[in-house]
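Asks: Take a look at the following structure, please.
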């Protein structure tokens with residue numbers, strides 16, 4: 001390829017001035033000001049046609065992987081959901097499952113189903129945000145409002161289970177923080193009914209819309225071969241006709257016990273990516289409904305040897321702000337709070353190597369629970385997986401999200417690495433927009449659904 005010589009072009013100079021055709025270099029960004037200027041594109045233009053692009057993916061390195069290496073295994077969980085605030089639960093579970101693989105333990109059957117349920121709800125929230133934001137960027141503001149309304153239905157479910165909406169930290173090595181609340185299944189079905197109504201309306205507004213299709217069809221396309229060569233996964237890969245899905249290719253948790261289809265496209269363009277995400281949301285709701293129907297009883301956590309740990313007899317509703325009805329009524333305290341020794345939550349020492357953090361009511365309600373929590377998160381204590389390495393992939397909303405952990409036998413990871421699904425599509429962005437119009441950068445960038453937190457990790 002011939003070496004290009006850059007020349008600054010000023011207003012009034014160029015092909016229209018008789019000076020001959022000149023390439024114009026335009027600095028687009030830094031965009032996304034909430035992320036300290038994560039994305040910057042230096043676009044090389046011939047008129048309004050994109051000739052080339054130099055993509056700068058970040059100025060601020062968040063050091064996620066190194067932060068995970070300076071403390072005990074449990075302490076890394078709050079960092080994982082900060083990678084992707086839109087679908088944080090998938091990140092939580094992916095990391096916890098990788099540590100469990102190092103320990104050689106399997107979580108309980110009920111926990112596996114809970115992880116599937118909450119992951120799919122998280123996936124739907126991510127797709128709703130992606131399509132809504134992409135539509136808004138093309139002028140379809142009504143669609144954005146519809147999608148945010150649907151996301152609110154699902155975020156209420158997430159809040160009911162985890163006690164939070166964004167910074168969740170719901171996963172635990174060996175299980176999850178708390179069981180599903182009473183009546184959760186009915187709330188899910190009601191929320192899904194309302195979500196399906198929203199998606200039907202959005203489909204009427206976008207799917208056959210001439211303006212929307214003109215901006216999306218044939219734009220930002222990657223062939224099947226190009227997509228594979230860039231190691232792209234998720235909706236972008238499936239939009240190019242490749243039916244790879246980690247949930248099917250490498251079944252984990254309870255995904256091998258539910259039925260679902262893998263939507264694919266043919267052209268690998270922005271429009272097919274939109275269609276794939278719309279279809280995937282219906283499949284995710286289908287998965288959740290099956291998992292709720294098949295949800296087994298029993299405990300939700302296991303210890304480091306894989307032995308089941310019974311859940312606490314009540315949840316700390318006061319800490320969630322749900323104080324109504326808590327006064328002047330008899331309640332059954334957990335054995336720990338009643339002043340008795342709970343066999344499954346003894347004061348932890350290094351030799352015991354317990355995994356799961358104690359319930360919140362134990363931590364706040366007794367010295368034994370406080371010490372248990374203290375020993376699991378403080379340096380020199382906590383869980384100690386044997387020497388070895390493990391990689392655990394999950395199907396994130398944007399593709400394969402993988403965690404790789406190396407253990408040297410101590411209480412903290414020797415190495416932690418993350419495979420962010422957003423990175424390969426960003427590497428392919430110059431190829432997607434090459435030969436397209438300047439305005440096509442907007443829908444193409446939206447179709448990638450770049451998540452700055454995981455990209456600039």
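The values are calculated or read from the model by the stated rules, or taken from the named source; none is laboratory data. Remember, it's a predicted structure, so these values are computed and weren't measured experimentally. Positions of Cβ are generated from backbone atoms using ideal geometry, with glycine treated the same way; all protein chains shown enter the neighbour counts.
Asks: Look at segment 231-243 and say how many of its residues are assigned to a loop (DSSP other than H, G, I, E, B) and out of contact with any strand residue (DSSP E or B) (no Cβ under 6 Å at 6 or more places or on another chain).
Replies: Of the residues in that region, 6 qualify.
Asks: To continue, here is another question. Would you be able to tell me the number of residues in segment 399-457 that are part of a loop (DSSP other than H, G, I, E, B), within 27 Å of residue 50 (Cα to Cα) and over 16 Å from the mean Cα position of the chain (by Cα)?
Replies: The qualifying residues number 3.
Asks: Got a number for residues in segment 248-291 being buried (at least 21 other Cβ atoms within 10 Å of the Cβ) and in contact with a strand residue (DSSP E or B) (Cβ under 7 Å, 6 or more places away or on another chain)?
Replies: Of the residues in that region, 0 qualify.
Asks: Also: Tell me which of these residue 221 doesn't satisfy, since it passes every other one: (1) surrounded by 15 or more Cβ atoms within 10 Å (Cβ to Cβ); (2) more than 18 Å from residue 114 (Cα to Cα); (3) free of Cβ contacts under 8 Å to residues at least 60 places away in the same chain.
Replies: Status for residue 221: all satisfied but (3).
Asks: Which condition number in (1) modelled with pLDDT of 95 or more; (2) touching a helix residue (DSSP H, G or I) at 6+ places or on another chain (Cβ under 9 Å) is the one that residue 299 fails?
Replies: The one condition residue 299 does not meet is (1).
Asks: Out of 228, 211, I need the residue that is part of a helix (DSSP H, G or I), modelled with pLDDT of 95 or more and out of contact with any helix residue (DSSP H, G or I) (no Cβ under 6 Å at 6 or more places or on another chain). Which one?
Replies: Selected residue: 228, the only one of 228, 211 that is part of a helix (DSSP H, G or I), modelled with pLDDT of 95 or more and out of contact with any helix residue (DSSP H, G or I) (no Cβ under 6 Å at 6 or more places or on another chain).
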